[in-house]
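S.K.: Mind having a look at this structure? Questions to follow.
The values are calculated or read from the model by the stated rules, or taken from the named source; none is laboratory data. This one's a predicted model, so the numbers in the text were calculated from it and none came from an experiment. Please note: Cβ atoms are built from the backbone with ideal geometry, for glycine as well, and neighbour counts cover all protein chains shown. Each accessible area value is taken on the protein alone, full model and side chains, heavy atoms only, with ligands, DNA and RNA left out. Shrake-Rupley method; radii C 1.70, N 1.55, O 1.52, S 1.80 Å.
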Amino acid sequence: MKKICLCLSIIALLLGCSGGASNTSSTKQVDAAPNTLTDQEKADGWVLLFDGKTTNGWRGVLKETFPDHGWVITDGAFEILPKNEGGGGGDIVTVDQFDNFDFVFDFKMTEGANSGVKYYVTENVYDKGALGLEYQVLDDKVHPDAEMGRDGNRKLASLYDLIPADQNKKFNGIGEWNTGRIVAKNNHVEHWLNGFKVLEYERGSAEYRKLVSESKYSNMKNFGEAPEGYILLQEHNDRVWYRNIKIRKL
């Protein structure tokens with residue numbers, strides 16, 4: 001009788017452990033496939049800005065349509081083509097504008113590549129361009145722009161030509177996917193790279209305006225202080241990929 005009771009106790013214990021593991025597994029949040037959102041992300045207000053299949057939601061700078069060359073969609077990602085492969089299509093911007101937001105994107109680049117993600121972008125019909133704050137996307141080891149500017153403020157994940165990213169930033173490497181993030185609320189802005197915050201600043205503050213006055217933007221009145229703007233992906237004739245582009249309003 002004692003042996004039977006012992007066996008039943010062991011069986012009950014094993015069943016209890018199995019049940020616990022099953023409950024834990026059922027509540028675990030599983031990462032979404034590229035260019036999709038989890039149920040939790042949807043509940044939190046995230047929306048995709050790129051579906052991985054079409055150019056819906058994007059257009060060329062100062063254009064009503066998407067560029068007819070220079071950009072292709074490859075394996076669920078926007079791919080920027082080098083100039084010798086039909087590149088030169090120009091930058092692209094979102095159709096919509098944003099004020100307070102949490103913006104996330106994956107990027108991958110080839111050796112020596114240069115690109116960037118601009119935000120609070122305003123289009124300028126006079127110089128046929130678009131101005132905005134830039135999250136730098138760059139191969140720090142090879143591209144010469146990494147050694148320009150001041151104190152490394154043109155390196156990967158920096159606020160281009162204004163504030164350098166943390167020198168201990170985590171970069172997954174050339175040819176690997178990395179995740180950038182820009183959080184902007186009530187003029188407080190943060191840059192993140194692969195889950196780590198690499199810089200933060202206050203738009204419009206005295207410190208910010210001093211940095212602008214010492215940068216290439218010194219002659220541009222109220223640079224980067226628009227209340228809302230487009231988000232832009234920069235084309236520099238280098239092969240770079242973007243995917244998992246999503247945003248939520250704050």
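S.K.: Residues that are at pLDDT 95 or above, in contact with a Leu (Cβ under 9 Å, 6 or more places away or on another chain) and over 21 Å from residue 50 (Cα atoms), at least 2 per element: which strands (runs of 3 or more DSSP E) completely within the stretch 132-250 meet that?
M.R.: 188-193, 196-202
S.K.: Out of (1) under 19 Å from the mean Cα position of the chain (by Cα); (2) closer than 27 Å to residue 246 by Cβ, what's the single condition that is false for residue 129?
M.R.: (1)
S.K.: Please go through the stretch 224-241 and give me each residue that is more than 30 Å from residue 72 (Cα to Cα) and either buried (at least 22 other Cβ atoms within 10 Å of the Cβ) or of a type in the set (A, V, I, L, M) (or both), ordered by number.
M.R.: 226, the sole residue that qualifies.
S.K.: Starting from the stretch 34-46, take each residue that is polar (S, T, N, Q) and list its partners that are at pLDDT below 95 and open to solvent by 60 Å² or more (accessible area, probe 1.4 Å), counting only C-beta distances under 8 angstrom and pairs at least six apart or across chains.
M.R.: Listed pairs, sorted by first residue: 38/29; 38/30; 38/31; 40/29.
S.K.: When you look at residue 84, is it of a type in the set (S, T, N, Q) and over 16 Å from residue 246 (Cβ atoms), yes or no?
M.R.: So residue 84 fits the description; yes.
S.K.: Answer yes if at least one residue in the stretch 95-109 is surrounded by 20 or more Cβ atoms within 10 Å (Cβ to Cβ), in a loop (DSSP other than H, G, I, E, B) and in contact (Cβ under 8 Å) with a residue 60 or more places away in the chain, and no otherwise.
M.R.: Scanning the stretch 95-109, I find no residue that is surrounded by 20 or more Cβ atoms within 10 Å (Cβ to Cβ), in a loop (DSSP other than H, G, I, E, B) and in contact (Cβ under 8 Å) with a residue 60 or more places away in the chain, so the answer is no.
S.K.: Mind telling me which of the residues 243, 181, 248 ends up being within 21 Å of residue 35 (Cα to Cα), touching a Pro at 6+ places or on another chain (Cβ under 6 Å) and charged (D, E, K, R)?
M.R.: Only one candidate qualifies: 243.
S.K.: Taking residue 176, is it out of contact with any Cys (no Cβ under 7 Å at 6 or more places or on another chain) and closer than 25 Å to residue 204 by Cβ?
M.R.: no
S.K.: In the stretch 162-197, what count of residues is obtained for those that are closer than 24 Å to residue 79 by Cβ and either touching a helix residue (DSSP H, G or I) at 6+ places or on another chain (Cβ under 9 Å) or of a type in the set (S, T, N, Q) (or both)?
M.R.: Here the count works out to 4.
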